[in-house]
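So the structure is just underneath, and the comments pick up after that.
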Amino acid sequence: MNPLTAALEPLFAQLQPRLVEIYQDLHQHPELSMQEQRTAGIAADHLQRLGYVVTRGVGGTGVVGLLRNGDGPTVMLRADMDALPMAEQTGLPYASTATATDGDGDGRTVGVAHSCGHDLHVTWLMGAAQVLAAARDAWRGTLMVVFQPGEETAQGANAMIADWERLGLPRAEVVLGQHVMVGAAGTVSYRPGVILSAADSLKVTLFGRGSHGSQPQTAVDPVVMAAATVMRLQTIVSREVAPLDSAVLTIGALQAGTKENIIPDDATLKLNMRTYDEAVRTHMLQAIRRICCAECDASGAPRPPEFTTLSSYPMTDNDHDATARVAAAFHAQFGDNALQSKPMSASEDFSVFGRTWGVPYVFWFVGGTDPRAYAKARAEGTLNTLPSNHSPRFAPVLEPTLKTGLQAMLSAAAAWLCAPPEGTRDGNA
Ligand code: ZN
Ligand code: ZN
């Protein structure tokens, strides 16, 4: 235990019912990316009541709360707030029935659900903010609590950063964040170095020349061009990436034409790529362009393809020293329930803050699966059937996940806010 999780103990019994209420309310009122007005208002009002200096509307709906408490490092704790455009199928009594107009521009009405657990992230951070405000004697420094919009669309962190200087907000010396994931509830997992992949999504438009389906000699067929391109793109991972460097390239959408006897004018591919190494990422982005351009040339396309970046998430590459500090705090707090994680092929915009400021950041996972269900699935070799993030059946168990996430956030924060001043630590002055 550290001074902050020690402060949590006597408070938790009183805090827990209120946090469950907040969580279930957020869960029933999910909001799509960059539309998190209600959620942001709840978080900001909470911070204001606790005595934080609160800045609202940072990069859209983002909220920054500052609590200055003497000399010491500025430590940032971050939670993302957005939900996903999908209908919930958990069957929980507090399941979301919300709908909204999807932000992709075609005006569709979609279900909205917290299927990535960001409602829990907000709840954890509100709870941690409350403990830190109540236990000011236990720490020194400046606490910066950040509620971020638009993680699922890779917009939010960049939007907040774009507003940061103008609003006169300070930079943090270390940035800390956590995500609920499939894993036994009660466990936390960390990893020095890369923990989450980079993700790049592109739209590629291939131009042909449309004509009657009976007269292919008068056309440049974009369907054939697209088919060849899709097959050739598969050779990037299998033939151009070294066996020990892993990567993913998925073409998730391929659209062309309307009718069987019309050769259309163009075809569109939408692809997503995951990488764990900057050099591999750069190579693959270049290879995608090279192959698309060359396939269009091979078909005699009237003009080169057009590339549009749909989203781009940097790698989450945890600082080694800062992660060692968090890991020590986790082992002291959780013992055998502090685990080492493998790199995951999911992506986050969390690292944008640390990257922009050139400061260390640490991101870790908190297990949210019922421990008995997890142990059973592990024994049966069916871990991949447990509902994961972005599944309509994703439903983290609240006990003990709620408390574990609070303890994890507080333990990591304590590694800076409760540490002896630099130079006196470990006697290595
Ligand atoms: Zn997600
Ligand atoms: Zn998420």
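Only residues that are within 16 Å of ligand 1 (Cβ to nearest atom) and not in a helix (DSSP H, G or I): list them for the range 148-179, please.
Keep residues of the range 148-179 that are within 16 Å of ligand 1 (Cβ to nearest atom), which gives 148-157, 177-179.
The answer is 148, 149, 150, 151, 152, 153, 154, 155, 177, 178, 179.
The condition of being buried (at least 24 other Cβ atoms within 10 Å of the Cβ) and in the same structural domain as residue 373 (by TED's automatic domain parsing) holds for only one of 157, 98, that being 157. Within the range 1-12, the set of residues being assigned to a helix (DSSP H, G or I) and more than 17 Å from residue 124 (Cβ to Cβ) comprises 3, 6, 10. Residue check: residue 183 meets all listed conditions (1) within 30 Å of residue 321 (Cα to Cα); (2) surrounded by fewer than 17 Cβ atoms within 10 Å (Cβ to Cβ); (3) among the small types (Gly, Ala, Ser) but one, namely (2). Residues that are outside any helix (DSSP H, G or I), under 21 Å from residue 235 (Cα atoms) and not β-branched (Val, Ile, Thr) within the range 256-286 comprise 267, 269, 270, 271, 272, 273, 274, 276, 277, listed in sequence order.
Could we say that residue 123 is assigned by TED's automatic domain parsing to the domain that holds residue 406, out of contact with any Pro (no Cβ under 8 Å at 6 or more places or on another chain) and either surrounded by fewer than 16 Cβ atoms within 10 Å (Cβ to Cβ) or of a type outside the set (Ser, Thr, Tyr) (or both) here? Considered against the rule, which asks whether it is assigned by TED's automatic domain parsing to the domain that holds residue 406, out of contact with any Pro (no Cβ under 8 Å at 6 or more places or on another chain) and either surrounded by fewer than 16 Cβ atoms within 10 Å (Cβ to Cβ) or of a type outside the set (Ser, Thr, Tyr) (or both), residue 123 comes out as no. Scanning the range 264-317 for residues that are over 24 Å from residue 151 (Cβ atoms) and among the acidic types (Asp, Glu) yields 265, 266, 295, 297, 306.
With respect to residue 110, determine if the residue is crowded, with 17+ Cβ neighbours inside 10 Å and at pLDDT below 95.
Details: crowded, with 17+ Cβ neighbours inside 10 Å: yes; at pLDDT below 95: yes.
For residue 110, the condition - crowded, with 17+ Cβ neighbours inside 10 Å and at pLDDT below 95 - is met.
Take the range 321-366 and flag every residue that is closer than 25 Å to residue 4 by Cα and either touching a Cys at 6+ places or on another chain (Cβ under 6 Å) or among the aliphatic types (A, V, I, L, M) (or both). Matches in the range 321-366: 322, 324, 326, 327, 328, 329, 332, 338, 339, 359, 362, 366. Based on what the data block shows, is residue 341 small (Gly, Ala, Ser) and closer than 24 Å to residue 86 by Cα? Judged against the criteria, residue 341 is not a match. Where strands (runs of 3 or more DSSP E) fall wholly inside the range 60-134, the ranges with 2 or more residues that are within 14 Å of residue 43 (Cβ to Cβ) are 62-69, 74-80.
Within 16 Å of ligand 1 (Cβ to nearest atom), acidic (Asp, Glu) and either at pLDDT 95 or above or over 12 Å from residue 78 (Cα atoms) (or both) - does that describe any residue in the range 128-138? Within the range 128-138, none of the residues are within 16 Å of ligand 1 (Cβ to nearest atom), acidic (Asp, Glu) and either at pLDDT 95 or above or over 12 Å from residue 78 (Cα atoms) (or both).
Can you pull out every residue in the range 126-154 that is of a type in the set (D, E, K, R) and surrounded by 20 or more Cβ atoms within 10 Å (Cβ to Cβ)? Working first, answer last.
Start the filter on the range 126-154 by keeping residues that are of a type in the set (D, E, K, R), which leaves 136-137, 140, 151-152.
Result: 151, 152.
Report those strands (runs of 3 or more DSSP E) wholly inside the range 312-429 carrying at least 1 residues which are more than 16 Å from ligand 1 (Cβ to nearest atom) and more than 30 Å from residue 66 (Cβ to Cβ).
Values: elements: 316-318, 338-340, 361-369.
The qualifying strands (runs of 3 or more DSSP E) are 338-340, 361-369.
Within the range 287-311, being touching a strand residue (DSSP E or B) at 6+ places or on another chain (Cβ under 7 Å), assigned to a loop (DSSP other than H, G, I, E, B) and not charged (D, E, K, R) holds for 300, 301, 302, 305.
Scan the range 267-275 and give yes if some residue there is within 16 Å of ligand 2 (Cβ to nearest atom) and modelled with pLDDT under 95, otherwise no. The answer is no; no qualifying residue exists. Out of 349, 321, 370, 336, one residue alone is within 17 Å of residue 179 (Cβ to Cβ) and among the charged types (D, E, K, R). It is 349. Residues in the range 34-59 that are within 21 Å of residue 153 (Cβ to Cβ) and crowded, with 23+ Cβ neighbours inside 10 Å: 36, 39, 40, 43, 58. Does the range 234-243 include one or more residues that are in contact (Cβ under 8 Å) with a residue 60 or more places away in the chain and in the same structural domain as residue 209 (by TED's automatic domain parsing)? No, the range 234-243 contains no residue that is in contact (Cβ under 8 Å) with a residue 60 or more places away in the chain and in the same structural domain as residue 209 (by TED's automatic domain parsing).
The residue pairs whose first member lies in the range 149-160 and is farther than 16 Å from residue 357 by Cβ, whose second member is part of a helix (DSSP H, G or I) and hydrophobic (A, V, I, L, M, F, W, C), and whose beta carbons are closer than 6 Å, counting only pairs six or more residues apart or on different chains, do not exist in this structure.
The values are calculated or read from the model by the stated rules, or taken from the named source; none is laboratory data. As the structure is a prediction and not an experimental result, all values here were calculated from the model. Positions of Cβ are backbone-derived with ideal geometry, glycine not excepted, and every protein chain shown enters the neighbour counts.
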